[in-house]
Amino acid sequence: MANNYTIKMTPKAADDLDNIYRYISEELFATSAATNILERIEKEIMRLKEFPFSCNHVADEYLRNKGYRKLIVDNYIVFYLIEEEKDQVIIMRVLYGKQKYENLL
């Protein structure tokens, strides 16, 4: 792979990150923990620029056939697609790992 991929985040994924931060900082009263988890998630997402194919496809057959991959960061899963023709990674959602995600993608 000669080119680095660009990262594009959908509005839903951006909302997911905002909600994660808000929940941890306001509901759990742990602002520094919220900041730390967002930094870890963003750092791992940035690694996809160089290694977009490093993560596995999702287990769900329907979503796998659409090309969905998952990046696990702590208790969260970053769901993304790769557009090879555009050298682009599209972050679709960032969800809590224990929730049912099939209907959210």
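Every number in this text was worked out from the coordinates using simple rules, so none of it is lab data. From a predicted model like this one, the values you see are computed outputs, not experimental measurements. Cβ placement follows ideal geometry from the backbone for every residue including glycine, while neighbour counts extend to all protein chains displayed.
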#### Entry: Whole-Å distance, taken between Cα centres, linking the range 12-40 and the range 56-77
21 Å
### Residues of type lysines that K8 reaches as a straight line, Cα spacing below 20 Å, ignoring anything fewer than 8 places off in the same chain
K43, K49, K66, K70, K86
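Please give the FRET efficiency for R22 paired with E83, using the beta carbon to beta carbon distance and R0 = 22 Å, rounded to the nearest 0.05. Walk me through the intermediate numbers first.
Values: r = 30 Å, r/R0 = 1.36.
Here the calculated transfer efficiency is 0.15.
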### Task
Rounded to the nearest 10 degrees, what's the angle between the helix 11-22 long axis and the longest principal axis of the chain, both from Cα atoms, 0 to 90?
30 degrees
### Summary
K12 and M46 label points (each 7 Å along its Cα→Cβ direction) are spaced in nm at 2.7 nm
### Query
So which GluC sites (Glu not before Pro) in the range 40-105 end up in coil per DSSP with only 15 or fewer other C-beta atoms within 10 Å?
E50
### Task
Report the relative contact order of the range 6-98, percent, no decimals, based on alpha-carbon pairs under 8 angstrom and at least 6 residues apart.
33 percent
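Between beta-carbons, use under 13 Å as the cut-off and find the net charge around D15, counting Lys and Arg +1, Asp and Glu -1. Could you put the intermediate results ahead of the total?
Working: positive: K12, R22, R93; negative: D16, D18.
Result for the neighbourhood of D15: +1.
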### Query
When the helices in the chain are scored as -39500 (n - 2.57) per DSSP H run of 4 or longer and the sum is shared across all residues, what 222 nm value do you end up with, to the nearest 500 deg cm²/dmol?
-10000 deg cm²/dmol
### Message
Only Cα pairs within less than 10 Å get springs; with that Gaussian network setup on the chain, which residue of L95, L17, L63 has the largest fluctuation?
### Response
L63
### Task
Filter the chymotrypsin sites (Phe, Trp or Tyr not before Pro) in the range 26-105 to those in DSSP coil with at most 10 other Cβ atoms within 10 Å of their Cβ, and list the result.
F29
